[in-house]
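Have a look at the structure below, then the notes.
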Amino acid sequence: MSLLVVGTVAFDAIETPFGKTDKIIGGAATYASLAASYFHKKINLVSVVGDDFPQETIRQLNSHGINTDGLQIKKNEKSFFWSGKYHNDMNSRDTLATELNVLMTFDPIIPEAYQNCSFLMLGNLMPAIQIKVMERMKTRPKLIVMDTMNFWMDTAMGDLRKAISMVDVLTINDAEARQLSGEYSLVKAAQTILEMGPKYLIIKKGEHGALLFNSEQVFFAPALPLEDVFDPTGAGDTFAGGFIGFLARTKDVSFENMKRGIIFGSAMASFCVEKFGTERIIELSQEEVDERVQEFVDLVQFDITLV
Ligand code: AMP
């Protein structure tokens with residue numbers, strides 16, 4: 001039951017009301033595979049970096065059980081770079097720079113040993129590459145989860161719509177759901193997006209939690225009320241990694257189990273925002289993860305007797 005994670009492995013420069021970083025390690029696949037590694041031990045990574053990317057980080061990924069044989073390292077080229085600045089509410093941000101660099105010519109080669117994976121996480125990436133990955137899988141994975149962002153809606157909507165039509169679960173944030181559907185109501189947006197192909201849609205609402213839709217049901221999970229949100233970068237990818245990592249561990253892709261997956265994903269995302277970049281999710285213990293999940297359970301559990 002292996003899990004294949006595809007997405008960016010990158011450098012980020014982040015500015016929040018709490019501080020500013022120079023180039024630090026980021027990337028959708030970095031966050032997603034790290035988060036998944038706390039639930040599932042067979043994780044394979046497909047991505048691309050330049051030779052400016054630190055070997056030490058690759059070793060750290062390996063020490064989390066992430067196989068990096070599918071991580072291409074391009075000589076004399078630069079890694080993907082993204083820079084963003086958060087507004088005071090920490091729920092919205094402006095992208096200051098997106099430098100595709102190695103991503104521009106990326107040909108996602110799936111090593112033979114990665115074939116026949118049961119779970120595929122298509123992290124945020126050029127939609128044309130996400131499509132190529134799906135087309136190159138010799139057998140269709142049991143579950144394909146895809147994440148994307150407004151950048152690709154602005155620059156590659158045609159490819160994006162095709163990619164969306166091929167996946168089982170799409171994860172996007174509320175603003176992106178509105179942009180993709182043209183609907184303000186998130187319930188109407190969900191109906192419109194589900195008609196584009198995916199069986200499930202997860203709408204992430206930052207500190208306001210996440211919604212899971214299929215054509216008949218809806219589930220809501222809150223985010224943990226945290227005293228300080230230090231840096232939300234990667235929270236969405238971390239959420240998705242925790243979600244699919246949990247599903248891969250339990251091998252159950254029912255709506256009921258996805259509800260649990262959302263709680264595990266939300267718990268991982270709550271760690272992510274506590275420090276800059278991947279700092280927090282690279283150092284977690286199993287105990288911390290278990291305690292955090294319990295906090296979620298306590299947060300939402302209540303007894304009601306209807307009279
Ligand atoms: P999130 O905060 O979950 O949206 O993810 C932020 C991460 O996504 C950062 O670490 C970036 O390196 C990466 N990222 C930003 N823009 C893009 C993009 N257009 N395509 C792929 N990855 C991106």
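The values are calculated or read from the model by the stated rules, or taken from the named source; none is laboratory data. Predicted, not measured: the structure shown is a model, and the values here were computed from it. Note: ideal-geometry Cβ built from the backbone for every residue, glycine included; neighbour counts use all protein chains shown. The area values use the complete protein model at the heavy-atom level, side chains included, leaving out ligands, DNA and RNA. Shrake-Rupley method; radii C 1.70, N 1.55, O 1.52, S 1.80 Å.
Structure notes:
- Condition check for THR95: of a type in the set (Val, Ile, Thr), within 11 Å of the ligand (Cβ to nearest atom), touching a Lys or Arg at 6+ places or on another chain (Cβ under 9 Å) and open to solvent by 20 Å² or more (accessible area, probe 1.4 Å): yes
- Looking only at residues in the stretch 141-164 that are closer than 25 Å to GLY245 by Cβ and more than 14 Å from the ligand (Cβ to nearest atom), the one that is surrounded by the most Cβ atoms within 10 Å (Cβ to Cβ) is ILE144.
- Test: ASN67 is over 30 Å from LYS251 (Cβ atoms), polar (S, T, N, Q) and surrounded by 14 or more Cβ atoms within 10 Å (Cβ to Cβ): no
- Considering only residues in the stretch 25-46 that are of a type in the set (Val, Ile, Thr) and within 9 Å of the ligand (Cβ to nearest atom), the one that is nearest to THR148 (Cα to Cα) turns out to be THR30.
- Residue check, SER47 modelled with pLDDT of 95 or more, within 22 Å of PHE264 (Cβ to Cβ) and outside any loop (DSSP other than H, G, I, E, B): no
- Among residues of the stretch 233-252 that are more than 16 Å from the ligand (Cβ to nearest atom), those with a beta-carbon under 6 Å from a residue that is modelled with pLDDT under 95 and of a type in the set (A, V, I, L, M, F, W, C) at least six positions away or on a different chain give the pairs ALA248/MET1; LYS251/MET1.
- Filter pass, LEU125 being open to solvent by less than 30 Å² (accessible area, probe 1.4 Å), closer than 30 Å to ARG249 by Cβ and within 13 Å of the ligand (Cβ to nearest atom): yes
- Yes/no for ASP107 being open to solvent by less than 70 Å² (accessible area, probe 1.4 Å), acidic (Asp, Glu) and away from the ligand (no atom under 16 Å from the Cβ): yes
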